[in-house]
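Colleague: Take this structure first; my questions come after.
Just so it is clear, none of the values below were taken in a lab; they were calculated from the coordinates. Every value quoted in this text rests on a predicted model; they were computed, and no experiment measured them. Cβ atoms come from the backbone with ideal geometry, glycine included; neighbour counts cover every protein chain shown.
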Ligand code: FES
């Protein structure tokens, strides 16, 4: 039921782990099923130079988080804010209908991290 | 990669002997069992034999066995059929007792009945997933007409105290009738409607001799595909005298109770599958499966820290080992195992269409976060020791990896 891309990210997630010296952290949980995504950002001159994630959730949530880290690395924070859940879903080669909400988790966690970053300054 | 199947509660492979018994009924004895000619008679011989085989297993009369498309239909027939028939007889304000851990095939017809003015009591379960028979006694009201309790729970495998419940109901019915008999005809109302006892035995039939007589059961549902038989066929046992209104009309099969051309190959398969459950065979298979299950439990204990066994092995089918692996979401575990060729199931909210954790686990008092990490292993008679060891070998690193990814798990 999952695309090849999703399975790849699920088996070998990119940028997965904790970051001790993050510029900002954002976390979001799903009301619906009880899952959590956490994003760590390192920002220099408004550019996201490094990013890591941790996720508790289904394969769609893990793959979404992983793909999103690839998408934001090297982008400015404003560019990163513009990434929509649909772009992310396209990047993953689609998600099964009941799993569409899982992609929101990652996007929201990223937004929270960026907000936190902006707040700090 | 050798695939390993540990999801026998979902369905089982068709046994070779069952398959062999079914084969002639596709193209050779293809007749319509309701036809009078020899083609029909040949098909009828097959279905008649199967009816006897099912009746022998359940310890009832052949005429008390109705063939259906499976337990879902049987459950619907039991609940809606009984209530419909009683309603036609003028019984009003009826009350049903069931449990919160029933299959949706029981729960949803009950909810449908609620909409028509029927009152339903949903009994809780103990921490091990079993209903307490005392709770049934306490829930009985004057207008109770049906108690529907599953024989074994599909998720954790808990066996319900069916005989005890059956006895409670029987005594209640006898007392009520006696009181009525001892009341002056002028003063007493209509003859009291007894409480009928239905049990969905889908998950139990493979492991427990479901003797309806000994257990005081009036109606029973089962599916062939859980006992190494074919899908799409099952049986409904209904004791002589229990009023049932059919749910579908047409060809008048099964004494008008279940219209529709006999699925003769399937029915023959059901008969052939149930014959294999004779006491000796069943005991042998139960022992074998329990041994594999216990090996799985001890291997998990040795290799995976912080694993919670939700199945109470002292009161469960021999096939069930239901686990929670806190910190590792169930659907992810399932998928990771699947990529290794291993099939299990999960009660995680992520894998349910409704995004709600399994109602059974919640009813057992398991917290949602823990239910979220649940994996159900249900073993079958073909699983080997190597299978089990392979599963745990693959499972341990998967749990470790998912826990490591989890932002809220204390590593
Ligand atoms: S994270 Fe729960 S369904 Fe995807």
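Colleague: According to a simple spin-label model (label point 7 Å from Cα along Cα-to-Cβ), what is the distance in nm between residue B:88 and residue B:142?
Modeller: With each label point 7 Å from Cα toward Cβ, the separation is 2.8 nm.
Colleague: Now for a separate question. For a distance above 40 Å, tell me the whole-number percent of Cα pairs in the protein assembly as shown that qualify.
Modeller: Taking all Cα-Cα pairs of the protein assembly as shown, the fraction more than 40 Å apart is 36 percent.
Colleague: I would also like to ask the following. Looking only at other chains, what is the average number of their beta-carbon atoms within 10 angstrom of each beta-carbon in A:38-46?
Modeller: Values: counts 4, 1, 1, 0, 0, 0, 0, 0, 0.
For this peptide, the per-residue mean of nearby foreign Cβ atoms is 1.
Colleague: Let me check the size of the stretch B:311-379 from its C-alpha atoms; what are the radius of gyration and Dmax in Å?
Modeller: Gyration radius and largest Cα-Cα distance of the stretch B:311-379: 11.7, 33 Å.
Colleague: Just B:248, B:276, B:53 to compare: in a GNM of chain B, with alpha carbon springs under 10 Å, which one fluctuates most?
Modeller: Taking springs between Cα atoms under 10 Å, the residue moving most is B:248.
Colleague: Something else about it: Please work out the FRET efficiency for the pair residue B:134 and residue B:287, using the Cβ-Cβ distance as r and a Förster radius of 25 Å; give the result to the nearest 0.05. Provide the component values of the computation, followed by the final result.
Modeller: Details: r = 31 Å, r/R0 = 1.26.
FRET efficiency, residue B:134 to residue B:287: 0.20.
Colleague: For every helix of n ≥ 4 consecutive DSSP H residues, a contribution of -39,500 (n - 2.57) applies; sum these over chain B, divide by its total residues, and give [θ] at 222 nm rounded to the nearest 500 deg cm²/dmol. Could you put the intermediate results ahead of the total?
Modeller: On the way: 13 runs with 166 residues, N = 411.
Calculated from helices alone, the mean residue ellipticity at 222 nm is -12500 deg cm²/dmol.
Colleague: Mind checking the full-extension length gain between residue B:191 and residue B:385? Use 0.36 nm per residue of separation minus the Cα-Cα distance, one decimal, nm. If you can, show how the numbers build up before the last one.
Modeller: Values: separation 194, 0.36 × 194 = 69.84 nm, distance 5.83 nm.
Separation in residues times 0.36 nm, less the Cα-Cα distance, equals 64.0 nm.
Colleague: Estimate the FRET efficiency between residue B:115 and residue B:362 by the formula 1/(1 + (r/R0)^6), using the beta-carbon distance for r and 25 Å for R0, to the nearest 0.05.
Modeller: Numbers: r = 24 Å, r/R0 = 0.95.
FRET efficiency, residue B:115 to residue B:362: 0.55.
Colleague: For a quick check: sort B:150, B:113, A:1 by the number of other beta carbons within 10 angstrom, fewest at the front. Before the final figure, lay out each step's value.
Modeller: On the way: B:150 28, B:113 20, A:1 10.
With the sparsest Cβ surroundings first, the list reads A:1, B:113, B:150.
Colleague: Oh, and also: Within the stretch B:212-244, what residues put their amide N at less than 17 Å from the label point 7 Å along the Cα-to-Cβ vector of residue B:171?
Modeller: Of the residues in the stretch B:212-244, B:215-217 have backbone N under 17 Å from the label point off residue B:171.
Colleague: Taking the number of other C-beta atoms within 10 Å as the exposure measure, put B:283, A:91 in order starting with the fewest.
Modeller: Lowest to highest Cβ neighbour count: B:283, A:91.
Colleague: Here's another thing I want to ask about it. How well do other chains shield peptide A:3-16, expressed as the mean number of their Cβ atoms within 10 Å of each residue Cβ? Write down the numbers at each step before the final one.
Modeller: On the way: counts 0, 0, 0, 1, 3, 0, 0, 4, 4, 0, 2, 0, 0, 3.
Taking the mean over all residues of the peptide, I get 1.
Colleague: FRET efficiency for residue A:84 and residue B:231, Cβ-Cβ distance as r, R0 = 35 Å, nearest 0.05? Don't skip to the end; give the middle numbers.
Modeller: On the way: r = 43 Å, r/R0 = 1.22.
FRET efficiency, residue A:84 to residue B:231: 0.25.
Colleague: Hey, another quick one. Over all distinct alpha-carbon pairs, what is the Kirkwood Rh of the stretch B:263-396 in angstrom?
Modeller: Details: mean 1/r = 0.0621 Å⁻¹.
After inverting the pairwise mean of 1/r, the radius is 16.1 Å.
Colleague: Could I have the simple spin-label model distance between residue B:179 and residue A:75, label points 7 Å from Cα toward Cβ, reported in nm to one decimal?
Modeller: 7.2 nm
Colleague: Next up: How large is Rg over Rh for chain B, taking Rg from the Cα atoms and Rh as the Kirkwood inverse mean of 1/r across Cα pairs?
Modeller: Details: Rg = 22.6 Å, Rh = 22.6 Å.
Over the Cα atoms of chain B, Rg/Rh equals 1.00.
Colleague: What is the helix-to-structure angle for A:59-72, meaning the angle in degrees between its Cα long axis and the longest Cα principal axis of chain A, kept from 0 to 90 and rounded to the nearest 10?
Modeller: Value to nearest ten degrees: 40.
Colleague: Find how many whole Å separate the alpha carbon centroid of the stretch B:230-261 from the alpha carbon centroid of the stretch B:313-341.
Modeller: Computed from Cα coordinates, the inter-centre distance equals 37 Å.
Colleague: Full extension from residue B:252 to residue B:306: what is 0.36 nm times the residue separation minus their Cα-Cα distance, to one decimal in nm?
Modeller: 13.8 nm
Colleague: A further question on this structure: Just B:367, B:163, B:188 to compare: in a GNM of chain B, with alpha carbon springs under 10 Å, which one fluctuates most?
Modeller: B:188
Colleague: Next up: Could you work out how far the C-alpha centroid of the stretch B:107-150 sits from that of the stretch A:48-121, in angstrom?
Modeller: Each part reduced to its Cα centre gives a spacing of 46 Å.
Colleague: So, one more: Return one number: the angle in degrees, 0 to 90 and rounded to the nearest 10, between the long axis of the Cα atoms of helix B:330-339 and the longest principal axis of the Cα atoms of chain B.
Modeller: Value to nearest ten degrees: 70.
Colleague: Continuing with this model, one more query. Just want the ordering: A:49, B:378, from fewest to most Cβ atoms lying within 10 Å of their own Cβ.
Modeller: A:49, B:378
Colleague: On C-alpha positions alone, give me the angle between the axis of helix B:71-88 and the longest principal axis of chain B, in degrees, nearest 10.
Modeller: Result, in degrees: 30.
Colleague: Moving on to the next point. Please give the calculated 222 nm ellipticity per residue for chain A, where each DSSP H segment of at least 4 residues contributes -39500 (n - 2.57) and the sum is spread over every residue; nearest 500 deg cm²/dmol?
Modeller: Working: 5 runs with 55 residues, N = 121.
Mean residue ellipticity at 222 nm (helix-derived): -14000 deg cm²/dmol.
Colleague: While we're here: Compute the label zone of residue A:21 within the stretch A:80-115: residues whose backbone N is under 11 Å from the point 7 Å along Cα-to-Cβ.
Modeller: Correct set: none at all.
Colleague: Could I ask something else about it? In a solvent-free Debye calculation with one equal scatterer on each Cα, what is log10 I(q)/I(0) for the stretch A:12-121 at q = 0.13, 0.24 Å⁻¹, listed in the order of the q values?
Modeller: -0.40, -1.37
Colleague: Over the stretch B:141-261, what per residue volume does the convex hull of the Cα atoms give, in whole Å³? Don't jump to the answer; show the numbers that get you there.
Modeller: Numbers: hull volume 16.3 nm³, N = 121.
In the stretch B:141-261, the Cα hull volume divided by residue count equals 135 Å³.
Colleague: Still on this structure, please answer the following. On full extension of the chain, what length is gained from residue B:408 through residue B:37, given 0.36 nm per residue of separation minus the C-alpha to C-alpha distance? Don't jump to the answer; show the numbers that get you there.
Modeller: Numbers: separation 371, 0.36 × 371 = 133.56 nm, distance 7.02 nm.
Here the segment from residue B:408 to residue B:37 would lengthen by 126.5 nm.
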